[in-house]
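Worksheet: one structure, shown below.
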Amino acid sequence: MIINNNTVVSVNYKLTVSDNNFESEELIEETFSGEPFTFLSGSGGLLEEFESNLNGLAAGAKFDFKIKSENGYGQSSQENVVRIPLNAFVPEGEELDTEMVSAGNYLPMVDDQGNHMQGLVVEVSEEFVVMDFNHPLAGKDLHFQGEVVDVREASADEVAHGHVHGEGGHQH
C-alpha cells in the first residue's frame, strides 16, 4: 500500500534545520524504530509539503527532502513579538514567579479569544514581559531524512475523528 489521503502512516525520521540554505544544520528531532511518528495522511494536521513529499511512498521507502521556511513554519515576524504588562503574570495577592517567568522559558498562554499558544519569554523588565509568539522553527529551512515504516488504510472512525486510533495514535 502507498501513502495517500486516509492512510495511517508510520515513519522514522531525522529533522535538522538551517537558516542559511542548509550550509550548516542543527538536529531538532529524531524518531527511532521502537517509537515511529504515526499520523493520518490528509487530515490537515501536518505541513502540507511534508505530506506531499511522502505521498506515493510505500513501507520500506527511504526519503530525503527539504522544505524552505516559507513553506514550513513561515518567516519570523516582529508582529508576533509583544509586550505584556508584568501584572498579567502575577496572580492577585502573590509575587511574580521569577523562575517560571524568565528569559528563555516557554510559557503556555491564552489570548483574548481563548486560543491556546506557547510564547517564548524574551525579556522581563519591571513593567513588561516581552514574549515571542513566532513558531520556534519560523525562519528555519527544514531537512527531513528517514524511512517509511508502515502504511495501512485508516478505519472509518479514524477518518471521521481526523486522527489515528490505537498504537501510535489517540486512545479513546
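Readers should treat all values here as calculations from the given coordinates under stated rules, not as data from a laboratory. The structure displayed is predicted, hence computed values, not measured ones. As a convention, Cβ positions derive from the backbone with ideal geometry for all residues, glycine included, and neighbour counts pool all protein chains shown.
Counted by neighbouring Cβ atoms within 10 Å, the residues V11, V124, V110 run from fewest to most as V110, V124, V11. Gyration tensor over the Cα atoms of the range 78-132: the corresponding equivalent ellipsoid has semi-axes (square roots of 5 times the eigenvalues, largest first) of 17, 14, 11 Å. Note that the range 35-124 shows a convex hull volume over its alpha carbon atoms of 180 Å³ per residue. Only the Cβ atoms of Lys and Arg (+1) and of Asp and Glu (-1) were treated as charged; on that basis the dipole of the range 78-132 about its Cα centre amounts to roughly 200 debye. Remark: spin-label model distance E94-M117 equals 2.3 nm, labels positioned 7 Å along the Cα→Cβ axis. Can you give the calculated 222 nm mean residue ellipticity of the chain, where each DSSP H run of n ≥ 4 adds -39,500 (n - 2.57) and the sum is split over every residue, rounded to the nearest 500 deg cm²/dmol? Helix contribution divided over all residues of the chain: -2000 deg cm²/dmol. A straight chain from A58 to N105 at 0.36 nm per residue would run longer than the Cα-Cα distance by 12.9 nm. Largest GNM mean-square fluctuation among G45, G114, G74, using the chain with Cα springs under 10 Å: G114.
Which longest run of the chain has no exposed loop site in it, a site being GluC sites (Glu not before Pro) in a DSSP loop with at most 10 other beta carbons within 10 Å, and the site itself not part of the run? Spell out each step's value before the answer.
Values: sites that count: E23, E92, E94, E95, E99, E126, E127, E167.
Here the longest run is 24-91.
Backbone geometry of the range 76-85 corresponds, through the Karplus equation with coefficients 6.51, -1.76 and 1.60 at θ = phi - 60°, to 3J(HN,Hα) couplings of 5, 10, 4, 5, 8, 10, 10, 9, 10, x Hz, x marking Gly and Pro.
Let me have the relative contact order for the range 78-132, percent, based on Cα pairs under 8 Å that are six or more residues apart.
40 percent
Here the chain is treated with +1 on each Lys and Arg Cβ and -1 on each Asp and Glu Cβ, and its dipole about the Cα centre works out to around 760 debye. Spin-label pair A156-F65: with each label point 7 Å from Cα along the Cα-Cβ axis, the two points sit 3.2 nm from one another.
Normalised by the number of residues in the chain, the average gap of Cα pairs under 8 Å and 6 or more apart makes the relative contact order 36 percent.
Placing unit charges on each Cβ (+1 for Lys and Arg, -1 for Asp and Glu) gives the chain a dipole about its Cα centre, and among Y106, H161, V90 the Cα reaching farthest toward its positive end belongs to H161.
Think of the chain as having a plus end and a minus end, set by charges on the Cβ of Lys, Arg, Asp and Glu; of V130, S24, S10, S10 sits farthest toward the positive end of this dipole. Tell me which label goes with the value of volume of the Cα convex hull per residue in Å³ computed from the coordinates here: (1) 110; (2) 162; (3) 132. Recomputing volume of the Cα convex hull per residue in Å³ here picks out (2).
Cβ crowding within 10 Å, taken as a proxy for footprinting-reagent exposure, orders K68, K140 from fewest neighbours to most as K68, K140.
Net charge dipole, the range 55-103: roughly 620 debye, given to the nearest 20, about the Cα centre with Cβ charges of +1 for Lys and Arg and -1 for Asp and Glu.
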